[in-house]
């Protein structure tokens, strides 16, 4: 398959990084097409663990080209920290890292703007506070947006920032009279230096991708965040600021989505969510409850922020919605091992909304907040799964649970993960 996309079907944190890492063996190029440093991927290789938020997961593979597309917003400081992390572990990115010269730049005033917005009562949506939303606002607004290619031209950058920073300082004071104020000249010097560092990696990635596609290279698109956080099709307004579904590939990379020949949907065996927003199957049952038990066993804390994730039963209504809007061909079930030891497990197959039974996923948060899950109960299992290497190694109840998810979604389950290591992966078919 020349073009494949790996996309999360829940509210993010589905362990997409592991699947991308596995698939890089069969691809020449890995492309990140949306989001910013609010998207954490944890990849384990050998005895080393890498936590990445901007760099594509494929960057740890010496034979793979990693591309950050124009749809990504970049914090150069964070990007350089990640590059430094790799260099310290003897992973030389060389010319293998390519960054779009049209990707937009996150500045410190974006972070401050988000901080002040989130602090206002009635406006907080539980963001990561990384400045992603305000940066995308500037991108859409056009006037105050700055792209990576502009960082390499000091005089031009200084001229742009003179205007932008003056506006931003006034805006920030509008939020809070004591808000931090920024110096355009200092920012120009600092970010020009970032531009010089990044210059060898900056190029027109749209043209590059089309050239590589025509050359027959295998391209893997790596979605950031989860589908239920998509700006258009997620649980609005508690969503991210970009299109995290496959529709974002065309706009975020410049390669038409129709060139993607396989879409692989990634799902946890349960459901989690970080930040605010409705979560119908959440197990908010206290410090000794099932939700906390899942959190502890699954180590459910944000890769980027360390925030504890909210945990709940598998939501098939939401997963059906995500599978539909992404055009998913097959699914991978992750973290099945976390559910060992539960006497029974539940899957939400429908919702009750204002007294009516519905099987569709409301993307308006006000409606979703009123939805009560209608559950199907399955038998649990006690045996640990972490040493299973093939489907027949799984307990009967674990196999039935995974099979039931595939049946409800009407999609083949091609991979089951039973631990963080690459070796802890069960292939039920060719992925």
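Please treat every number below as a calculation from the coordinates, not as lab data. Values in this document were obtained by computation on a predicted structure and should not be read as measured data. Ideal geometry is used to build each Cβ from the backbone, glycine not excepted, and the neighbour counts take in all protein chains shown.
So what is the calculated 222 nm ellipticity per residue for the chain, using -39500 (n - 2.57) for each DSSP H run with n of 4 or more, over all residues, to the nearest 500 deg cm²/dmol?
-9500 deg cm²/dmol
Gaussian network model of the chain, Cα springs within a sub-10 Å range: biggest mean-square fluctuation belongs to which of 314, 182, 236?
Sorting by GNM fluctuation, first place goes to 182.
Return the percentage of antiparallel bridges among DSSP beta bridges fully within the chain, rounded to the nearest 5 %.
Values: 25 of 62 bridges.
Of those bridges, close to 40 percent are antiparallel.
Report the full-extension gain for the segment residue 215 to residue 360: residue separation times 0.36 nm, less the Cα-Cα distance, to one decimal in nm. Could you put the intermediate results ahead of the total?
Working: separation 145, 0.36 × 145 = 52.20 nm, distance 4.15 nm.
Taking residue 215 through residue 360 to full extension adds about 48.1 nm, to one decimal.
In segment 268-427, what % of DSSP beta bridges are antiparallel (nearest 5)?
Antiparallel: roughly 75 percent of the beta bridges in segment 268-427.
Where does segment 241-379 land on Rg(C-alpha)/(2.2 N^0.38 Å)?
Computed over Cα atoms of segment 241-379, the ratio equals 1.13.
Find the percent of Cα-Cα distances in segment 384-431 that exceed 12 Å, and round it to a whole number. If you can, show how the numbers build up before the last one.
Values: 683 of 1128 pairs.
I get 61 percent for the Cα pairs in segment 384-431 exceeding 12 Å.
Would you look at the GNM of the chain, springs on alpha carbons closer than 10 Å, and say which of 83, 266, 249 moves the most?
Judging by the Gaussian network model, the answer is 83.
Per residue, how big is the convex hull of the chain when only Cα atoms are used? Give it in Å³. Mind dumping the intermediate values first?
Details: hull volume 60.7 nm³, N = 431.
It comes to 141 Å³ per residue, whole-number rounded.
Separation of segment 197-235 and segment 325-371 by C-alpha centroid, Å?
Here the two parts' Cα centres lie 29 Å apart.
Per the Kirkwood treatment, what hydrodynamic radius in Å, one decimal, follows for segment 144-186 from the mean inverse distance over all distinct Cα pairs?
Values: mean 1/r = 0.0905 Å⁻¹.
Result for segment 144-186, one decimal place: 11.0 Å.
Given segment 111-164, report the % of alpha carbon pairs whose separation exceeds 19 Å.
39 percent
If you count, for each residue, the other Cβ atoms within 10 Å and average over each peptide, how do 144-154, 374-384 line up from highest to lowest?
Going by the mean number of other Cβ atoms within 10 Å, highest first, we get 144-154, 374-384.
Give the distance, in whole Å, between the Cα centre of segment 123-163 and the Cα centre of segment 262-308.
If you average the Cα positions of each part, the centres end up 32 Å apart.
Give the Rg (one decimal place) followed by the Dmax (whole number) of segment 74-212, computed from C-alpha coordinates and expressed in Å.
16.3, 51
Segment 156-282: Rg/Rh from Cα coordinates, Kirkwood Rh?
Details: Rg = 20.3 Å, Rh = 18.8 Å.
Reported Rg/Rh, Kirkwood definition of Rh: 1.08.
Taking 2.2 N^0.38 Å as the expected size of a compact globular protein, what ratio does the Cα radius of gyration of segment 299-431 give against it, to two decimals?
Expressed relative to 2.2 N^0.38 Å, the Cα Rg reads 1.12.
Among 359, 117, 261, determine the one that fluctuates most according to a GNM of the chain built with springs between C-alpha atoms less than 10 Å apart.
Highest fluctuation of the listed residues: 261.
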